[in-house]
Amino acid sequence: MRMRRKKHREERMENCGELMIKDILEYKEDIKAVFENDKPLHIEIGCGKGGFISETARRNPDVNYIAFEKNLDVLVLAMEKVTALGLTNVRFVPGDAGVLSELETKSKVQRIYI
């Protein structure tokens, strides 16, 4: 099923802007530097509307999460969900997770969800 374009998507994403990593390649050498702490890092590839990532992050505040999503219309829903829950341990990357091959993740990421 195709997701319809969300009204005011860009404005809504801007309202959740502190959660978005616009250029993940800035963290090429140390992806954990996205967060200013040394908690374990988990990645979700294809977070959709954010049901899994928001619930997992809520249950595990001692873990940081980075979620990748190509479809901006569902990404905005995930970002709004995390914002509404007041979670501070989640960040979102708009775009293809293929960029992970360019990042140093072997020693930095403890778990990847697909």
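Can you pick out the pairs among Lys70/Lys108; Lys81/Lys106; Lys39/Lys70; Lys32/Lys81; Lys22/Lys81; Lys22/Lys70 whose Cα atoms lie more than 21 Å from each other?
In this structure, Lys70/Lys108; Lys81/Lys106; Lys39/Lys70; Lys32/Lys81 lie more than 21 Å apart at Cα.
Under a Cβ-only charge scheme (Lys and Arg +1, Asp and Glu -1), can you give me the dipole magnitude of segment 1-108 about the Cα centre, in debye to the nearest 20?
Charge dipole, segment 1-108, about its Cα centre: 640 debye, nearest 20.
Mind sorting out which of [x] 54, 32, 32; [y] 40, 28, 25; [z] 45, 37, 23 is the real Cα extents along the principal axes in Å computed from the coordinates?
Among [x] 54, 32, 32; [y] 40, 28, 25; [z] 45, 37, 23, the one derived from this structure is [y].
Counting Lys and Arg as +1 and Asp and Glu as -1, what is the net charge of the other residues whose Cβ lies under 15 Å from the Cβ of Val90?
Spelling it out: positives minus negatives among the neighbours equals +1.
Just to confirm a number: summing +1 for Lys and Arg and -1 for Asp and Glu over residues other than Ile24 whose beta-carbon lies under 15 angstrom from that of Ile24, what do you get?
It works out to a net charge of -3.
With a 1.4 Å probe and every protein chain left in place, work out the accessible area per residue of the chain in Å², rounded to a whole number.
I get 60 Å² per residue for this part.
So how much accessible area does Ser54 have, in Å² to the nearest 10, using a 1.4 Å probe?
Ignoring ligands and nucleic acids, Ser54 comes out at about 10 Å².
Can you compute the helix-only [θ] at 222 nm over the chain? Use -39500 (n - 2.57) per DSSP H run of at least 4 residues, normalise by all residues, nearest 500 deg cm²/dmol.
-7500 deg cm²/dmol
Tell me the net charge near Pro61. Cut-off is 13 Å between Cβ atoms, Pro61 excluded, with +1 for each Lys or Arg and -1 for each Asp or Glu.
It works out to a net charge of +1.
Tell me the trypsin sites (Lys or Arg not before Pro) within segment 17-74 that lie in a loop according to DSSP and have at most 16 other beta-carbon atoms within 10 Å. Intermediate values should be presented prior to the final figure.
Numbers: sites: Lys22, Lys28, Lys32, Lys49, Arg58, Arg59, Lys70; in loops: Lys22, Lys28, Lys49, Lys70.
Passing sites in segment 17-74 are Lys22, Lys28, Lys70.
The values are calculated or read from the model by the stated rules, or taken from the named source; none is laboratory data. Since the model is a prediction, treat every value here as computed from it, not as a measurement. For neighbour counting, all protein chains shown are included, and Cβ atoms are generated from backbone atoms with ideal geometry for every residue, glycine included. For accessibility, only protein heavy atoms count, side chains too; no ligands or nucleic acids. Shrake-Rupley method; radii C 1.70, N 1.55, O 1.52, S 1.80 Å.
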